[in-house]
Every structure is written in structure tokens, then in C-alpha cells.
Amino acid sequence: MNPSCDLGMVGLGVMGRNLLLNFADHGFRVAGLDTDPAKVTALSAEGGSRVIATGEARTFIDSLRLPRAIILLVPAGKAVDAVTGQLSPHLAAGDLVIDAGNSHFKDTERRAKELAARKLHFFGLGVSGGESGARRGPSMMPGGPREAFERVRPMLEAVAAKVDGQPCVAWLGPGAAGHYVKMVHNGIEYGVMQLLAEAYDLMHRGLGFSNTQMAEVFGAWSQGPLQSFLVEITAKILNKLDPKTGNHLVDEILDVARQKGTGKWTSQEAMDLQVPLLTIDAAVALRDLSAYDRERTAASRLLNRPDKAFAGDRAAALAQLENACHAAIVATYAQGFALLRKASEVHGYNLELATVARIWRGGCIIRAALLEDFRAAYNAQPQLPNLLQDPKLAQQLMKRDEDLRAALRLAIDLGIPAACFLSALAYLDAYRSARLPTNLIQAMRDFFGAHTYERIDEPGTFHTQWE
Ligand code: 6PG
């Protein structure tokens, strides 16, 4: 076979197929490989003569121009090792394998080393935007050998989402930098989704709004400073009717969240690096808590509390809630970016956070108008330790501080759980405390374990005989 293809795709599920067709739309010649004949047929039907679709690894490999570039879009985990193991004996030195799934960054590090030993390049590519993003323009977060990126750069730039004419893709750093950034993207995604769910709960159970009214509210929010993909889809979801029952579909959906684990990885990694991620941790915990549906149902009877009706001004409460969302969402991004800042040092990624903010402005799930402000903050001060230290963002946040407290007072008073809002406020309050009560913790550690403490007025470590 004549090696005529610019790029190969392994895994022709919806994401793989859509991304491959996106490349074909931009004039690249592409080949797709899958062991499932139905998926091969589906790609042939959609791609026609623009693509080669096959179930034969040999045909696939032989169709690719040297040095080859192969994207894997297979489920994260064992499948990535299995496919890489099957392909690598057929590959030549200098070929590039790109894992575009949500792989754990430590797996990516290991695979990059294994393939480098065989003179093959390996690249972790975070891809965000779901099925339609893959088809029409995702945000892409590549990390790995820079020279290998330069080879595929024109192709990735062509298919990526564009904001102000700039593609939402950029080389982020060596090793597993791309998958790391994607992991943190998903951690932020968990936090923002939980905040929007809590806002919905407060509006619905607290303020007594109907789905249609809430759809209008989220629709209006998405025209203002909260403009973002997740707010937009929330408005659409709340308007959607269930063809089966005629009710609003959202009311027919079980309240148990599933998760593939990327949010949990973000929290676990942040604990390892000792970066506080209060809101993202709370979002992961709340997804976990949602799974205890039987226990929750039993507890709703045993721990029953008389319903309290809202007796205030709805319009005022709504305005406070919008500002509360704004403040809490900024705090969530600030936590995610703070983790990236630390990881950049610890893992040697040397990330440019302005670039991360830039490529998150379009295509990805956490795209939001706010990212332009974050980009500006890091452009002004590339070494900013935390977004909350940016004077403009700090001012925007402080303008909304009282409303965040008011929204939480309402939630607490009405008994509506708002763990992510609460943790966002706790993060803000702790972060801006020049003095925390940790002096007492140190005293206790010294009391029971002679762990010593430091003094404010003298260097060195001290121990006291407390009794
Ligand atoms: C994206 C999404 C995508 C996927 C998540 C869902 O950026 O396009 O984050 O990667 O939808 O894996 O994650 P959970 O199953 O953990 O919610």
C-alpha cells in the first residue's frame, strides 16, 4: 500500500471518529483502525473516500507516511498499554504515538520512557470538548518531546477550536505536562459543575423556582460575566422535556453521579503536593456522597428538619446567588491554577499559565469568559503565585464577598447543602488570613508529641514542658 496518510487514529468510538473526521475536513489524509467491524463500517460510511478505515493493523501502519503520527483514542488504562504494545513492533524510529485519552499522568510518564527506549516518541494529549468538540474544534493540551509536537503542530492547530483567530492548542511542556493539565482541567470541571448544581438546588428547593424559570436565570447569567459553556448547557438542560413522561427530563434523572476518576486524581495529586484544593475536594466528596442514595433516603426521615419557606426578596437573593457563583468559580479556578503552578516546579513542566488560560478559552468544557481575565493576570505577572493575588481579580472578588456570604446564609438557614460554596468561602477566608489558628495546632503537637514549634519573635525550634 502507498503510505499516503498524514495521520492515523486508533479507536473509532465517537471521540476517535469525530476527531478523525475533523482532520479529514481540514484536508488531511487520515486512516482509522478499530477491531470492531461496526466502527470501521461507521467511519467508512461517514468519511467516504477521504479516509481509510480498517480493522487490519498492517494495512493501517502501511498507509501512514514516515515518520508516522498515530493518535490513540482508546479507554484510559490497560487499553493504552495493549494498543501501544501491539503497534510498537511495527513502528520505526522517530514515529510518534499520541495518547489522546484521559490517562493518568504517571502512566504517561512511564509510557514515554518505555517508548523512548525503542526510539519512539510518546506524547500525552489532553482533549476536551466532548463529542461535538472533537468534531468541530476541541481544546487540546499536548505535552511531550517538543520536536515531535512541531511535526504535528499544523494538524493540531487546524482542527482545534479558535478564539480570536488563535487555536486552542499549544505545546505545554515535556513529559506528561499535557495529561497533567487535562487532569487539572477536569478537577476544575468537577468544582464548577458542583457549584452550579448547588445553585440550582438553592433556586429550586430554596427559592421555589420552576425548571423553566431556572433555565431563564442560567440563560441570563450566560450573557453576563458568568458566560461559560457549563452555564449555557445548564440552561438548555433545564428546558429539556422528557419524551417518555412529558415532564422536565432533569426531574426524571437519578441523583447519583458517576465518575471516571480525573477529579479524584486532581485531589489526590494536590494532597501529595500539599496544595489546598478545598472546592475541588468537596466536589469529589459530594459525587461520592450522592452514591449513598439509600442511606440518604433513610436519613432524610431520621434527620428530618421542618421545612423552612423562603420569606425574603427573590430578586435580591438571585442577584446575590449570581455573585456568589462568580466568586466561588474564581476561587475554584484559582485552586486549579495554584496546583499547576506547584506541579510545574515539582515535575519540571515549566508551564506558562497564561498559555494554559489561553487554550482553555475555547473548545473545552471549562471554557468561560473569566479565562480571559485569568490570561491577562498571568500575562501581567507570569510568576503570580495565585490568581487571588492579582489586584483586578482580588477587587472583583471582594465586590462579591458579601453576596457569597449572603447566599450561604440562605443555604444554611434553609438546610440546602452547599458544600462547594462553603469550601470556596473557607478557602478565601483562610487564604486572606494573615494569621491562622495553626499556632494552636503547633502547640498541641508539641504538647502531646514534643514535635516542637517555632516562635514569632525568635528563629529556631522550641519545646515546652506543657504540664
Ligand atoms: C472533557 C471532559 C471529558 C469527560 C470526562 C468526564 O474535557 O471533554 O472532561 O474528559 O467528559 O472524562 O469525567 P467524569 O466521568 O469523571 O465525570
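The values are calculated or read from the model by the stated rules, or taken from the named source; none is laboratory data. On a predicted model such as this, the values are computed, not experimentally measured, just so you know. Counting neighbours? That spans all protein chains shown, and the Cβs are built from the backbone with ideal geometry, glycine included. Just so you know, the surface numbers come from the protein's heavy atoms only, side chains and all, with ligands and any DNA or RNA stripped out. Shrake-Rupley method; radii C 1.70, N 1.55, O 1.52, S 1.80 Å.
The number of residues in segment 257-268 that are open to solvent by 10 Å² or more (accessible area, probe 1.4 Å) and within 21 Å of LEU387 (Cα to Cα) comes to 1.
One line per residue, one yes/no per condition, for (1) of a type in the set (D, E, K, R); (2) within 16 Å of the ligand (Cβ to nearest atom); (3) touching an Asp or Glu at 6+ places or on another chain (Cβ under 9 Å):
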site: ALA220; (1), (2), (3): no, no, yes
site: SER228; (1), (2), (3): no, yes, no
site: THR234; (1), (2), (3): no, yes, no
site: GLN268; (1), (2), (3): no, yes, no
site: ASP281; (1), (2), (3): yes, yes, no
site: VAL284; (1), (2), (3): no, yes, no
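Residues in segment 396-441 that are polar (S, T, N, Q) and touching a residue at least 60 places away in the same chain (Cβ under 8 Å): 2 in all.
Segment 190-305 holds helices (runs of 4 or more DSSP H) entirely within its bounds, and those carrying 3 or more residues that are under 22 Å from the mean Cα position of the chain (by Cα) map to 229-239, 262-273, 278-290.
Does segment 64-86 include one or more residues that are within 32 Å of the chain's Cα centre (by Cα), within 24 Å of HIS179 (Cα to Cα) and among the polar types (S, T, N, Q)? Checking segment 64-86: at least one residue is within 32 Å of the chain's Cα centre (by Cα), within 24 Å of HIS179 (Cα to Cα) and among the polar types (S, T, N, Q). Looking only at residues in segment 124-162 that are surrounded by fewer than 19 Cβ atoms within 10 Å (Cβ to Cβ) and not in a helix (DSSP H, G or I), the one that is nearest to the ligand (Cβ to nearest atom) is LYS162. Residues in segment 94-123 that are of a type outside the set (D, E, K, R), away from the ligand (no atom under 15 Å from the Cβ) and within 23 Å of ASP6 (Cβ to Cβ): 10 in all.
Picking from residues in segment 171-182 that are in a loop (DSSP other than H, G, I, E, B) and over 17 Å from the mean Cα position of the chain (by Cα), the one that is farthest from the ligand (Cβ to nearest atom) is PRO174. Based on what the data block shows, is GLY312 within 16 Å of the ligand (Cβ to nearest atom), of a type in the set (Gly, Ala, Ser) and surrounded by fewer than 18 Cβ atoms within 10 Å (Cβ to Cβ)? No: the conditions fail for GLY312.
Of all the listed residues (HIS326, HIS347), the sole one being more than 16 Å from the ligand (Cβ to nearest atom), within 30 Å of LYS236 (Cβ to Cβ) and in contact with a helix residue (DSSP H, G or I) (Cβ under 9 Å, 6 or more places away or on another chain) is HIS326.
The helices (runs of 4 or more DSSP H) located wholly in segment 377-461 that include 2 or more residues which are under 30 Å from ALA199 (Cα atoms) and open to solvent by 60 Å² or more (accessible area, probe 1.4 Å) occupy 391-414, 419-431. When we screen ALA315, ALA298 for residues that are at pLDDT 95 or above, over 29 Å from TYR427 (Cα atoms) and not acidic (Asp, Glu), the only hit is ALA298. Quick one: is LEU277 modelled with pLDDT of 95 or more, surrounded by fewer than 12 Cβ atoms within 10 Å (Cβ to Cβ) and within 16 Å of the ligand (Cβ to nearest atom)? Taking the combined requirement at face value, the residue does not satisfy it.
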